[in-house]
Structure formats: structure tokens, C-alpha cells
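Step one of this worksheet: look at the structure below.
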């Protein structure tokens, strides 16, 4: 995802001199061509996230389009007041780009995990939150962020994520994507975990259960229509995120369900009010934290069995 | 610079600060009085390039009051400069007014940043200064920080950043009144040697009497190539009202019946002015 982002941003910056790549000393090697070709538009501000975001807001007030990038955890937590006051309150056209979504920095431990970032940021007025699920989607989301006038939080994984799309599609902010149709249960995922959710679909399929899979690449504004349609057309709703179940995708969907006036069986799968446990690869992490396809499948089956 | 004009403006700003507080029922008067002479010199001493009838004029210099709680002083200067009617100053903090207890961008003509939470104005100003450098424009950016505000870590991130970026189009004035909300600054956090810290960070540092308009102007116009300028303005919190000067409680307090006549006499206010 990171490469997709950097390639997309590089192309945007080459064409539009208003675009700036600000970083907080993260990902030095991958910026080689920026250093070479985009003098002045590329700026490593050192390990000072708050300063970077405040500065980005000031630049945006002069018509620049800064993309301020570093590990998401350092942006959403350390610099929250700068995101709120400098960027959102003043509605500045700043793109806040956080890498290492969820537990992607698996072995680096919870200080580097973004497992509450959506909860921290979702309540901020004016902020649009994008959480793409694959390299192709990151490229589209980066362009959409550029075209959107206003603050964006773009939540990226790291590198090596598998492509979940087999063909090109239309990316639109605020419009979820139905990756697979199904009648029995709807699973809504976001970001890194989508590849795992697609495996769940196959597992359920083998048990004769047809699962609709929705990629909610925009957390805010949330696609209410796609949720309401799922409530009407399938028997149960499950959200999956590598984030705490409080404040993120699950909470956002729950708000829509609660206000819909329609009952549905509903389960949120994610971290349950805890920081991620264990170390290892991302795959190890989702296993240890009960977010692997097998565990999600079990939760889906429980959800459906409760109904009978 | 017309010294007489600046002194008169400073006197009027001080009057307005109390008039605003009187109608609003409170406010951070001590801080507003402290920065009054600096703000008067910026706006009325031929320092800032601005056009009150075209607040977003592209060639303007920009001023950011990072210690947003001193905004009564800024509001008074902006109204006196013609950004909005002086009458609005009597409605600060009231329903329907665009002027609040801390300044907001967009809503208030002439306000360049929404400030209030401390430690934000410097980095925001650095962003503006950097953008102007990239555009090869010579607009100058001025920021007022409080000395207590300099206890915020983010100020020192900016303090490192501006010299690194060689922003000689940036001037920061620290309102060094040596008091903060609760007590004497130094007794809460040891900040001495204050000017030396900034020098060591690579700033062009000038130290002045922050109530002497000629000294203020000279410092505001000081430039050093490839270095941002930091003015340590030695000021008196509550300057202009004897019983408020250097007394921490006046960070946020209103005068009582005995104090009010003294304040009015010293500021040159009449009963009529408070209507």
C-alpha cells in the first residue's frame, strides 16, 4: 500500500506544484526519487509530528496541498489537538496520511499500532476518513484525497498487502464497495483485514452459507445506504476491523443500525477493549488476536446459529 | 513611524480592552494589556503591510496571535484599523457576535489563524512562511507567543524547525511578562536563560523593552539572512493599570467597585465610554 501511495503522490506532485510531501522522518529510502525530482515539494521535518501538522495547516492556508505522512499512531494520538484545531477546526486542505494501520506494525508492539485511530478521529468535524484495502484502492484513494477539498485522514497499511480487486472499479468517497454478493449474512470490513474477510466468504461458502462482502473504504462519511440495504436483504450483519470495536467501523455501523428502526442480528469483530497482544507477522497477530479468517468464520456461524 | 500616532493607538487599544471586558463580563485583560504596545506598533507603526478593506490581499504581511487569549487587544486594533466596525467590540462573546474569547479565522476579518490552545501558532506560521518561500514571495509573518506558552513542547519543535528551513521571513515576538496564570513563570518552570535558548536554536535574537514603541518597531523590522528572528519583548502583564501590573490574579479577573475608578482614571475612560 505504501508504494502505491508514494507512486500516486509522486505523480500528483509532478503535475501539480501545490502538492507537497511532508514526512516526519519515516520511510527514508522510498523517498529517493522525491528528493531527486521534487526539490522543495518534499520535506522531511524530523521527528516532530505536531509541528508537521501545524505547518501543513499553515501551508494549506496559502493554497498548498500538503500530504503529511508518518506512522498513523503518532499522528492520531500524539498530534490529535493539531489535527483538531489546526486542520479540522480551520477546515484546512491537509491530507493526513498514517501508515501501519491496525496491527500492521505487528512485531513492533502496541506503541506502533493504530488500533484506536478511527475512534480518535471519527468524531472530528470536517474530517473525511479513508481506509483503503488494497494497493489498487490506495492509488485511487490518494487521487480522491487530492481531488477532495478539505481535511482527509488516509489510513494505509504498510507494504506487501495482496490485491483484492480482480478488475478496475469506480472509487468514490463515501460509497462502499460490494466485493461479493450473498443472501445469508453481510460482512463489512475495512482496510488491511479485507483480504482475510474474503477468505471467510470461502469458508462460509463451503458450509453452504452465502456471505455478502462489503469493503467500507470510507469510514466517514459512512455509506448508510449500503448498510440499510444489507439489513433488508441478508439475515445478519458482522463488522470486521483490526481496530478496537469501540469507535471504529463497528461503532459507526452500529449507529446506522440503531437509528434504522430495523432489527438485525449484529456482531462487531475486532479488538475487544484491549491493546493487541503478542508479536510476529501480521498473520500471527490476527491469529493471536482472534481476527483470522477461522475466528471470524466462527463468529459468523455463532451469529447465524443464535437465530435458529 | 509617527511615535505620537502609535502611542495614541496603544492608549485607545487599552481603553477598548476594558470596554470589551466590561460588556463581555470578563476576559484575559492582563495578557491583552501586556501585548498592546507590540500590537499597536505592528498595525499603526508602518510595520505590517495590510489592507483592512481587502483582508486577504495577497501581498499582505500576516500576524498570528498564538496566545489567542490576548485577543481583546487584537480585536481592538483590527476594529481601529477598519477591518470591522468598532461597535462590534461591545458584543464580544455574546450570541450573534463573530468575536469570541479566542479569535477565529474566516469569521473575523484580519484574523489569520484560530488560536486559543497554546503552542499552535508557531508551526502554523512556519507553514505560511515556508509556502511564501516556495512561491518566492516576500510577505513577512509575525507571531506573538506568550512566555508561559513556551512551556509547550510543540513550541520547541517549531523553534528547531524554523532555523532549519532558514525562514528569514518569520519574526516571533515572545511576550515576556514573566507571569503565567497561577504564579511567577520562573517559580513554576525554570526558563532562564530564555534568550540564550533561542540563540542556541539558531534564531536571530533581539531583546527589547516591549512597551517602547520605537524599540519595538526597530526590532520588528530587523532581518538576518537565512535566520528567523526572535524578539524577547520584556513586558509587564497588566501594563497600564497600576494595580494589575505584575499581579498574577489579573490573568482573568474583573475589577471590583474600589478598583474600577482607579482603572478608569488610569486608562482615561469615562462613564460615557462604557455605555
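The table below lists the values:
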{"quantity": "Degrees, to the nearest 10: B:3-24 long Cα axis against longest axis of chain B", "calculated": "60 degrees"}
{"quantity": "Full-stretch length increase - residue B:181, residue B:257 - with 0.36 nm per residue and alpha-carbon distance subtracted", "calculated": "25.0 nm"}
{"quantity": "Rounded if a/c under 1.5, otherwise prolate or oblate - the stretch B:33-185, Cα gyration tensor axes", "calculated": "oblate"}
{"quantity": "Sorted peptide list for B:106-112, A:135-141, B:168-174, A:245-251, criterion being average Cβ within 10 angstrom, highest first", "calculated": "B:168-174, A:135-141, A:245-251, B:106-112"}
{"quantity": "Compactness index (Cα Rg / 2.2 N^0.38 Å), the stretch A:41-100", "calculated": "0.99"}
{"quantity": "Cα gyration tensor category, rounded, prolate or oblate, for the stretch A:92-151 with a/c compared to 1.5", "calculated": "oblate"}
{"quantity": "Whole-angstrom gap from the stretch A:4-25 to the stretch B:208-275, using each part's C-alpha centre", "calculated": "46 Å"}
{"quantity": "With Cα atoms, 0 to 90° folded angle of helix A:194-206 axis to chain A main axis", "calculated": "20 degrees"}
{"quantity": "Average other protein chain Cβ within 10 Å of Cβ, residues A:59-65", "calculated": "6"}
{"quantity": "Computed P(r) (all Cα pairs; the stretch A:22-62; 10 Å bins; percent)", "calculated": "30, 50, 21"}
{"quantity": "Pair-distance profile P(r), taking every C-alpha pair of the stretch B:206-246, with 5 angstrom steps and integer %", "calculated": "6, 23, 24, 17, 15, 8, 5, 3, 0"}
{"quantity": "Choice from A:77, A:169, A:69 with maximal GNM fluctuation in chain A (Cα, 10 Å cutoff)", "calculated": "A:169"}
{"quantity": "Computed Rg/Rh of the protein assembly as shown, alpha carbon atoms with Kirkwood Rh", "calculated": "1.06"}
{"quantity": "In degrees, nearest ten, helix A:293-305 long axis to first principal axis of chain A (Cα)", "calculated": "40 degrees"}
{"quantity": "4 °C / 1.567 mPa s Stokes-Einstein diffusion coefficient of chain B, Kirkwood radius on C-alpha pairs, µm²/s", "calculated": "70 µm²/s"}
{"quantity": "Three semi-axes of the equivalent ellipsoid, the stretch A:202-304, Cα gyration tensor, whole Å, largest first", "calculated": "23, 18, 11"}
{"quantity": "Per-residue mean of C-beta atoms belonging to partner chains within 10 Å, peptide B:152-163", "calculated": "4"}
{"quantity": "For the protein assembly as shown, calculated [θ]222 nm from helices alone, where every DSSP H run of n ≥ 4 adds -39500 (n - 2.57)", "calculated": "-11000 deg cm²/dmol"}
{"quantity": "Between the stretch A:265-308 and the stretch B:1-35, the Cα center-to-center distance that results, in Å", "calculated": "62 Å"}
{"quantity": "GNM top mover of B:219, B:52, B:125 - chain B, alpha-carbon springs below 10 Å", "calculated": "B:52"}
{"quantity": "Residue of A:206, A:84, A:268 that the Gaussian network model of chain A assigns the largest fluctuation, springs spanning Cα pairs under 10 Å", "calculated": "A:206"}
{"quantity": "For the stretch A:142-195, convex hull volume per residue from C-alpha positions, Å³", "calculated": "117 Å³"}
{"quantity": "Convex hull volume of chain A per residue (C-alpha atoms, cubic angstrom)", "calculated": "119 Å³"}
{"quantity": "Shape of the stretch A:1-136, Cα gyration tensor, a/c cut at 1.5", "calculated": "oblate"}
{"quantity": "Test item: A:84-96 mean partner chain Cβ contacts at 10 Å", "calculated": "3"}
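Only the coordinates and a few stated rules stand behind these numbers; no lab work does. Because the structure is a prediction, the values reported are computed rather than measured. A quick note on method: Cβ atoms are made from the backbone with ideal geometry, for glycine too, and the neighbour counts reach across all protein chains shown.
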